[in-house]
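S.K.: Sharing a structure with you now.
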Amino acid sequence: MKRVGVFLCWCGSNIAATVDVGKVAERVRLLPGVVHVEENKYTCSEPGQASIIKAIKEHGLERVVVAACSPRLHEPTFRRTLETAGLNPYFLEMANVREHCSWVHPDREKATDKAFDLVRMAVARVLKNEPLARGSITIEKRALVLGGGIAGIQAALDIADAGHEVILVEREPTIGGRMAQLDKTFPTLDCSSCILTPKMVDAAKHPKITLYTYSELEKVEGYIGNFHVTVRKRARSVDETLCTGCGLCQTKCPTKVPSEFDVGTGLRKAIYTPFPQAVPNKPVIDRENCTYYKTGKCRVCERVCEAKAIRFDQEDVLVEERVGAIVVATGFDLFDCSVYGEYGYGLYPDVIDALQFERLINASGPTEGKIKRPSDHEIPRSVAFVLCVGSRDEQKGVSYCSRACCMYSVKHATQYMDKVKDGRAYVFYMDIRTPGKAYEEFYKRSSVEYGVQFIRGRPSKIYQKGDKLIVKAEDTLLGRPVEAEVEMVVLAPAMVPKRDAARTAQTLGVSYDGFGFLNEAHPKLRPVETNTAGIYLAGVCQGPKDIPDTVAQASAAGAKVAALFSRDEMATEPMIARVDEALCSGCLWCKPVCPYKAIEARTVTEKVHGRTVSREVASVNAGLCQGCGACTVACRDGAMNLQGFTNEQVITAVDELLAGLRPACS
Amino acid sequence: MAESAATPAESRPPGTAGTAVEKPPAGEETREWEPVIVGFLCNWCSYAGADSAGTARMVHPTNVRIVRVPCSGRVNPRFVLRAFQRGADGVLISGCHPGDCHYSTGNFYARRRLLLLKGYLEYLGIDPRRFRTHWVSASEGQKWAEVVRSMCEEVKALGPAPSLGNLV
Amino acid sequence: MPNNPTLDKNMTETETALRREAARLLSQGEVAVFLGHEEGWDGVPVPFAASTAAEAGRLVWNPLSAPHLAKYLLDRLEGDEKVGIVVNGCGSLALDRILKDRRFPRERLHVVGIPCSGMLDPARVAALSDEERERVLKDGPVDPGLFLDRCSWCDVPNPVVSDTLLSEPLPVVRHRPEYPRVAELEAMDREERAEYLRGLYERCIRCFACRNVCPACNCRECCLDQWEPLWLGRATSPAEQQMFHFIRAFDVAGRCIRCGECERVCSVGLPLMELNDKFLKDITELFGVERPHIPADVEPLGCFEPGDPDLEDHG
Amino acid sequence: MTDETLRFAYYPGCSLNSTAKEYDLSTRAVARAIGVELVEVPDWNCCGASSAHTVDPFLAFALPARVLVQAEEMGLDVLAPCAACYGRLVAARAEAARHPDYARRLEKATGRRFRGTARILNVLELLGDERVAAAVAGAVTRPLEGLKVAPYYGCLLVRPPKLTRFDDPERPVTMDRVLQAIGATPVDHPFQTECCGASLGISRTDLVVELAGRIVGAAKLAGAEAVAVTCPLCQTNLDSRQEAAAARLGEGLGLPVYYITQLVGLALGVPPARLGLRRHLVDGLGLLRQKKLA
């Protein structure tokens, strides 16, 4: 039997005042395997640790039990102590006799009994501990950033500035994302594109950044430090290397379709760049709407292109890249306001959503910044802004607050009042939420200086009466129903995850919540990491936020990646699942329960009765496994075990506890 | 005595909770019977929650002996039946709240397994009050203390778990 | 909803077709061996592996061809020759179980399927008088009580896995399984039930026949045979027997095909399906799996719904 | 299923037996014309609407549940044309799931078991059913061409959406489709699901006149010549308040208020006399004759 040393900590009086440590020591001495018992006033102190090292050497200890505080506190400390003494650090067990015992059990006798039981279980368990070794994996110092909105751009720039290569993948023909669609940003009212476009250009020009626009993530394999990603570069039908971005093709193209960028408030051509400042400033052909692709005739763009850059026969290209880390910044969609039938969105032309309003007030938008209502292009003399369309509504929408709508609606109302001096702006709200620097002041100014009227109540109905819209609501501050007659209504839709957010999450192997937002590893302490090591989150794909928060999170993700890339190798935790291949039947029922996709089939070849046969077994990817152990329970024959928490160890602890309780029983 | 027990019974020192009713150790007064409850706690939420209870000095009964596991998804139902067989008066499993699992989905799988187990234990004749599952987060020291208190009271009222055979 | 099992009137013809098909497969080298039944010493069919066209002539198919054959595939894991096998509806579930558990490659199989309207329980038939038995096996009519229990609720008359069918598929009426025996036990009070089950565990002699016949118990090495950890103590005691049957029932929970073979082969006649059925019933009630005995690509314990019943509800 | 005759347990309820007789007549006539068999629930009782659930929750459950039990025993799904009856029946089925003891108490009281197997349909669900819609489309002999009708769903049929699970509670479309199918022109107006105030008919007549007037007024403003309804209370209310509302608004209203089944019946060639078209306060026949539809 292995030689066990037990170190009983007093923790000053924290333990010793309640637990009779001497009595515990006396009983522990009799336990099988125990060859050395020692009490320390503070085991975690320098002298305490030194005495462990000394005892290991003097008594030839092979296993160590420390009965002290919670292992969550000092397990790493004592593992290092063992390592210093030349023992495998995982030959340690701790008995938590402070948090779980002395601090909560004032009855000295009972606390002492329990302390002994805890040590007894630890001794039995430590005898089953196996030597474990940390592994190491090399790190490919290149990052993939998924999504080219402000979050992706910021993360990419930060990582690239730290000296690492970045691959920035964007689905749309240009980077820029939602922020490019906005007019001004609250609360400072600086122009969105004025602050965004320089960053777009920086990203495109950066020597360390490779830009794949009009491209999508196809596949991800591997694990932290060693991801293999496949990106589909969709056919632009334009040779980017030849195109000069002159824009002649767009001018001549005869086909007009509603512009996605203008959210249907304006038109674009079938060959187009979404907006003039697009990066790269090279058009794509929208094959679904292009006359040539539909009828085989036209080719006007090809004729007018002096650079001869049009490529009707271009095909999608799959690009494979090796990266060490992935930043996900895939952004969001807006809630479909037509779910609220009572608001008439989609039915009454002058009921629009907030993003459409952004395009209407944007100087580069379809109305060149003049607020004209869609039905008759007249300037509305009055506008109602309706908050929480979808947000905070469990009946029809989503339960959460979308965080930015209060502020941008206040901004919209302010901008409207600024442009239409004699106009009236009503904001229908449930609560105005202004948690941000200078946000509350901005809100105050909107009513005091600009005369925006705030009505606390969620509209119950919006309907057309002649050329006016009637907004019915209850003013809950006055306790009275109100009906506002306005000429335009702007709905503030909830921010919702991208339509395909769940698929993205599944491709990446990260978890997502019931709405489809990607889950951070810890809501407070690990807000930019995911539970899959090496994958980080930035921006609204993780949850609604405004631009400052998005940029902050993106930089945080960038810093995480840079920190990871500061080393050539990283150590892996050995307390992960392990397959006993001799036992494994290869049924792979362990595979679906693994949250990290760490289990794959592997073919092993072996000699049976002189013949070489091969069969499939489960195999655990040490880079992916996080050691939860869910697979061990799915494994019927016990081939899958969790190092550090093996079946033997758990059973031994249980058996020891209960066997010890009835010593007279046989 | 089970063959699997690691050591011969005689070598064990006397006197811990749970022994009094059956055979009071020599030289000690007969104490009130105390149930023994085996607690399987996930490392990230509930074990930390029990730690918080300690840090906040929330006094609760001594009867629960905690076996730390990384996740409630690591708890094999066999462990639970094993504990009952070897004489536990109760088994308590505690993990992160559904949706808050450190490993994102471990406790969802645990929930399915343990739901089945719970029904089955009752089917086997084990009083369902002896087997409890609670979701306790790292910050819920108070809840942990409450859970322990109420379970101990309940199991104590039930008395020693009936022995199934000659194992215990 | 109960089923009304009947005996197929054309079994003799089916038997001839089976022999012909097996002989063809063997002689044309499509399979190296064909798993079926031959007549046993007492007239009850026993599993038989035919290796030649001549041996195929010994194959039988009659109202007592109850034993499932899929598990015998595990004996032929090594090597790469193709294996022929005959299955009826429930036999195909056993086969599908082995396939879904990835314990035998589908491409090494040639499955001959026989739609089945009912099979008799050999033990029940054996208990009849000689004339009775003669009459039952020849031309019926047959007392419904003589059929295998699984026939009374079976709604899988046609093989779910097959390469060739020897007769026309039978009409299928789907229904939700019912578990009257479990319901009966659940209605007992707890102590009464514990006492009843204890009685069963006491009778168990740990022959492991239930495990050996079970198509869902197909591990390379059974955990019950392992020494470290010692999942199952070596002592013979009701407690260990309880552990034995618990481990088995839980391991097949969600994968049990409800064939009842464990019960049929139990050497001391224990009603083992009362344990397996409890899990099947609970899986339906808790997780909404309507027919949990049909092998699926995702097993009930290998998935979850965020809205599964909450465990904590019980105080 | 398509080859079979559609059969439903028919629960007319009190209204269809009295003030809304024409709803009963026209529903049965339409069913006959398209080969849907309606079997009246034997020994049916009041659904308890408007009074029972303000007094005794169990009684509010038991009354409609008893009706459902009768239907279950017939093995048929239930057609309940009255929107209030429909609402109570649907609610009872949901209550049974929420209160298992209710079913037990009911069993004790009536000796019969409530299983909740029967599905409950309102008239629009029936007319919206693919098979029925096809049958109606195929049987139209006199399309109501040129008749501009404002669909009015009222508040009970679509709410609460969790229970009724029928159409969009704010912007329902089923009746529009039915109207189109029979050749009429549905007229969109903003108050299709607004409450008409019927339950305050006696206690707060002033309010009701305003509410009803607003609905009919909006329909008229939108260009409708008539209103179509599915609820006896709505019909009575919108029909009877128009004079007072018109006086208050200072403009004439005078829109006939038809049950949707009356219009469907007409389009299927049922003689007007068999549809109870004379039973309305605002003349229902004049408009139709003027349009040469009757």
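S.K.: Just the projected area, averaged over all directions, of the convex hull on the alpha carbon atoms of region A:236-314: how many nm²?
M.R.: Mean shadow area of the hull around the Cα atoms is 4.8 nm².
S.K.: Based on the alpha carbons, how large is the Rg to Rh ratio for the protein assembly as shown when Rh follows Kirkwood? Don't jump to the answer; show the numbers that get you there.
M.R.: On the way: Rg = 38.1 Å, Rh = 37.9 Å.
Result: Rg/Rh = 1.01.
S.K.: In whole Å, how far is the Cα centre of region A:83-141 from that of region C:256-302?
M.R.: 40
S.K.: Taking only Cα atoms of region D:142-290, what ratio of Rg to Rh do you get with Rh as the Kirkwood inverse-distance radius? Let's see the in-between values first.
M.R.: Numbers: Rg = 14.6 Å, Rh = 15.4 Å.
Using only Cα positions, Rg/Rh for region D:142-290 is 0.95.
S.K.: What whole-number distance in Å separates the alpha-carbon centres of region D:26-97 and region B:77-121?
M.R.: Using only Cα atoms to place each centre, the spacing works out to 45 Å.
S.K.: Going 7 Å from the Cα of residue A:475 in the Cα-to-Cβ direction, what parts of region A:413-433 have a backbone nitrogen less than 16 Å from that spot?
M.R.: What the label zone holds, given the 16 Å backbone N cut-off, is A:424-430.
S.K.: Please determine, in degrees from 0 to 90 and to the nearest 10, the orientation of helix A:647-661 with respect to the longest principal axis defined by the Cα atoms of chain A, where the helix direction is its Cα long axis.
M.R.: 50
S.K.: In what sequence, largest accessible area first, do D:203, C:167, A:259 appear using a 1.4 Å probe?
M.R.: Working: D:203 85, C:167 40, A:259 5 Å².
Output order, biggest surface exposure first: D:203, C:167, A:259.
S.K.: Among C:243, C:273, C:119, which one shows the highest mean-square fluctuation when chain C is modelled as a Gaussian network with alpha-carbon springs under 10 Å?
M.R.: Answer for the Gaussian network model of chain C: C:243.
S.K.: If you take the square roots of the eigenvalues of the alpha-carbon gyration tensor of region D:38-132 and sort them as a ≥ b ≥ c, do you get rounded (a/c under 1.5), prolate (a/b over b/c) or oblate?
M.R.: Working: a/c = 1.88, a/b = 1.47, b/c = 1.28.
Taking the square roots of the gyration eigenvalues as a ≥ b ≥ c, region D:38-132 is prolate.
S.K.: Between residue C:167 and residue D:283, what FRET efficiency follows from the Cβ-Cβ distance if R0 is 60 Å, with the result rounded to 0.05? Walk me through the numbers before you get to the answer.
M.R.: On the way: r = 72 Å, r/R0 = 1.19.
In this case the efficiency is close to 0.25.
S.K.: Please determine, in degrees from 0 to 90 and to the nearest 10, the orientation of helix C:238-252 with respect to the longest principal axis defined by the Cα atoms of chain C, where the helix direction is its Cα long axis.
M.R.: With both axes taken from Cα atoms, the answer is about 60 degrees.
S.K.: Let me understand region A:440-593 better: what is its radius of gyration from the alpha carbons, and its Dmax, in angstrom?
M.R.: Over region A:440-593's Cα set, Rg and Dmax evaluate to 25.0, 80 Å.
S.K.: Between region C:48-86 and region D:137-213, what is the C-alpha centre distance in whole Å?
M.R.: That distance is 69 Å.
S.K.: Cβ neighbours within 10 Å, averaged per peptide: list D:131-141, D:157-167, A:643-653 in order, most packed at the top.
M.R.: Details: D:131-141: 15.2, D:157-167: 18.0, A:643-653: 22.5.
Answer by packing, highest mean first, reads A:643-653, D:157-167, D:131-141.
S.K.: When N counts the residues of region C:216-315, how does its alpha-carbon radius of gyration compare numerically with 2.2 N^0.38 Å, as a ratio?
M.R.: Numbers: Rg = 15.3 Å, N = 100, 2.2 N^0.38 = 12.7 Å.
Relative to the rule-of-thumb radius for its length, region C:216-315 sits at 1.21.
S.K.: Averaged over C:244-257, how many beta carbons belonging to a partner chain fall within 10 Å of each residue's beta carbon?
M.R.: Numbers: counts 0, 1, 10, 6, 1, 4, 10, 5, 1, 6, 4, 3, 0, 0.
Mean partner-chain Cβ count within 10 Å for C:244-257: 4.
S.K.: While we're on this one: Which lysines, if any, have their Cα less than 17 Å from the Cα of residue A:560, not counting same-chain residues under 8 positions apart?
M.R.: Hits, sequence-local ones excluded: A:141, A:524.
S.K.: Which links in A:545/B:143; A:233/A:256; A:269/A:297 stretch past 21 Å when you go from one Cα to the other? Kindly include the intermediate steps, with their values, before the conclusion.
M.R.: On the way: A:545/B:143 32 Å; A:233/A:256 25 Å; A:269/A:297 16 Å.
Pairs exceeding the cut-off: A:545/B:143; A:233/A:256.
S.K.: How big is the antiparallel share of DSSP beta bridges in the protein assembly as shown, given as a percent to the nearest 5?
M.R.: The antiparallel proportion sits near 40 percent.
S.K.: Sort the following peptides by mean Cβ neighbour count (other Cβ atoms within 10 Å, averaged over residues), highest first: A:620-626, A:594-600, A:82-88. Write out the running numbers ahead of the final one.
M.R.: Values: A:620-626: 20.9, A:594-600: 22.4, A:82-88: 16.4.
Ranking the peptides A:620-626, A:594-600, A:82-88 by packing returns A:594-600, A:620-626, A:82-88.
S.K.: Further question: Excluding ligands, DNA and RNA, what is the accessible area buried between chains B and A, summed over both sides, using a 1.4 Å probe, to the nearest 100 Å²? Working shown, then result.
M.R.: Details: alone 10120 and 30690 Å², together 35290 Å².
Interface between B and A: roughly 5500 Å².
S.K.: Mind ordering A:579-585, C:213-219, A:119-125 by average Cβ neighbours within 10 Å, highest first?
M.R.: A:119-125, C:213-219, A:579-585
S.K.: Moving to a separate point now. Where a Cα-Cα gap under 13 Å defines reach, which aspartates and glutamates qualify for residue A:2, not counting those fewer than 8 residues away within the same chain?
M.R.: By straight Cα distance, residue A:2 reaches A:62, A:130.
S.K.: Hey, with R₀ at 56 Å, roughly what FRET efficiency would residue A:134 and residue A:364 work out to, going by the Cβ-Cβ distance, to 0.05?
M.R.: Details: r = 55 Å, r/R0 = 0.99.
Calculated transfer efficiency: 0.50.
S.K.: Excluding ligands, DNA and RNA, what is the solvent-accessible area per residue of chain A at a probe of 1.4 Å, expressed in Å²?
M.R.: Numbers: 26540 Å² over 666 residues.
I get 40 Å² per residue for this part.
S.K.: Hey, any idea what % of the protein assembly as shown's accessible area is carbon plus sulfur with a 1.4 Å probe?
M.R.: Working: 29670 of 57840 Å².
It is 51 percent, rounded to a whole number.
S.K.: Would you please state which residues of region C:94-121 a label at residue A:611 would reach in this model, taking the label point 7 Å out along Cα→Cβ and a backbone N cut-off of under 17 Å?
M.R.: Flagged as within label range: C:104-110.
S.K.: Moving on to the next point. Taking chain A, how much of its Cα-Cα pair set, in percent, is spaced more than 50 angstrom apart?
M.R.: On the way: 72541 of 221445 pairs.
Cα-Cα pairs of chain A separated by over 50 Å account for 33 percent.
S.K.: Once Rh is set to the Kirkwood radius over Cα pairs, what Stokes-Einstein translational diffusion coefficient, in µm²/s, holds for region B:35-158 at a temperature of 37 °C and a viscosity of 0.692 mPa s? Kindly include the intermediate steps, with their values, before the conclusion.
M.R.: Values: Rh = 14.2 Å.
Taking Rh from Cα pairs, D becomes 232 µm²/s.
S.K.: Ok, one more. Report Rg(Cα)/(2.2 N^0.38 Å) for chain C, keeping two decimals. Intermediate values should be presented prior to the final figure.
M.R.: On the way: Rg = 20.3 Å, N = 315, 2.2 N^0.38 = 19.6 Å.
That ratio works out to 1.04.
S.K.: Helix D:83-98: angle to the longest alpha-carbon principal axis of chain D, degrees 0 to 90, nearest 10?
M.R.: The answer is roughly 30 degrees.
S.K.: Further question on the same structure: One quarter of the convex hull surface, Cα atoms only: what value does that give for region A:1-119 in nm²?
M.R.: Working: hull surface 25.1 nm².
With every direction weighted equally, the projected area is 6.3 nm².
S.K.: Let me ask something additional. Could you work out, for region A:295-365, what percent of all Cα-Cα pairs fall into each 10 Å distance bin, beginning at 0 Å and stopping at the bin that holds the largest distance?
M.R.: 12, 19, 16, 36, 16, 0
S.K.: In whole Å, largest first, what are the principal axis extents of the Cα atoms in region C:1-160?
M.R.: Principal extents (largest minus smallest coordinate, Cα): 45, 36, 23 Å.
S.K.: If you don't mind, another one. Residues of C:216-226, mean number of Cβ from any other protein chain within 10 Å of their own Cβ, rounded to a whole number?
M.R.: Details: counts 1, 2, 4, 9, 10, 8, 3, 8, 1, 1, 4.
Neighbouring Cβ atoms belonging to other protein chains average 5 per residue here.
S.K.: Where both residues lie in region C:11-165, what percent of DSSP beta bridges are antiparallel, nearest 5? It would help to have the intermediate numbers written out before the result.
M.R.: On the way: 8 of 18 bridges.
Within region C:11-165, antiparallel bridges account for around 45 percent of the total.
S.K.: Expressed as a whole percent, how much of the Cα-Cα distance distribution for region A:241-391 exceeds 21 Å? It would help to have the intermediate numbers written out before the result.
M.R.: Numbers: 6749 of 11325 pairs.
That tail contains 60 percent of the Cα-Cα pairs.
S.K.: For the pair C and A, how large is the buried accessible area, both sides, in square angstrom to the nearest 100, if the probe is 1.4 Å? Please list the in-between numbers first.
M.R.: Numbers: alone 16440 and 30690 Å², together 45140 Å².
Roughly 2000 Å².
S.K.: Let me ask something else about it. Rounded to the nearest 0.05, what FRET efficiency do residue A:395 and residue D:98 give with R0 = 25 Å and r taken as the Cβ-Cβ distance? Could you check?
M.R.: 0.85
S.K.: In nanometres, what is the gap between the two model label sites at residue C:52 and residue A:42, each 7 Å from Cα along Cα-to-Cβ?
M.R.: 8.8
S.K.: Enumerate the amide H contacts of residue C:110 below 5 Å, restricted to partners 5 or more residues apart or on another chain; note that Pro and chain-start residues carry no placed amide H.
M.R.: C:83, C:84, C:85
S.K.: Mean-square fluctuation check for chain C, GNM, Cα pairs under 10 Å: which of C:61, C:227, C:153 is largest?
M.R.: Among C:61, C:227, C:153, the largest mean-square fluctuation in the Gaussian network model of chain C belongs to C:227.
S.K.: Moving to a separate point now. Using the Cα gyration tensor of chain D, with a ≥ b ≥ c the square roots of its eigenvalues, what is the shape: rounded (a/c below 1.5), prolate (a/b larger than b/c) or oblate (neither)?
M.R.: Details: a/c = 2.06, a/b = 1.34, b/c = 1.53.
Judged from the Cα gyration tensor, chain D comes out oblate (a/c at least 1.5, b/c at or above a/b).
S.K.: Taking only the alpha carbons of region A:336-493, what extent do you get along each of the three principal axes, in Å, biggest first?
M.R.: That works out to 36, 35, 28 Å along the principal axes.
S.K.: Along the Cα→Cβ direction, 7 angstrom out, place labels at residue B:55 and residue C:310. What is the inter-label distance in nm?
M.R.: The modelled label-to-label distance comes out at 2.6 nm.
S.K.: If the cut-off is 23 Å between C-alpha atoms, which lysines fall inside it for residue D:291, apart from same-chain ones fewer than 8 positions away?
M.R.: Those lysines meeting the cut-off are D:148, D:220.
S.K.: Can I ask one more? Running a GNM on chain D with Cα contacts under 10 Å, which residue among D:148, D:108, D:220 ends up with the highest mean-square fluctuation?
M.R.: D:108
The values are calculated or read from the model by the stated rules, or taken from the named source; none is laboratory data. All values reported here derive from a predicted model rather than from experimental measurement. As a convention, Cβ positions derive from the backbone with ideal geometry for all residues, glycine included, and neighbour counts pool all protein chains shown. Just the protein is used for accessible areas: all its heavy atoms, side chains included, with ligands, DNA and RNA removed. Shrake-Rupley method; radii C 1.70, N 1.55, O 1.52, S 1.80 Å.
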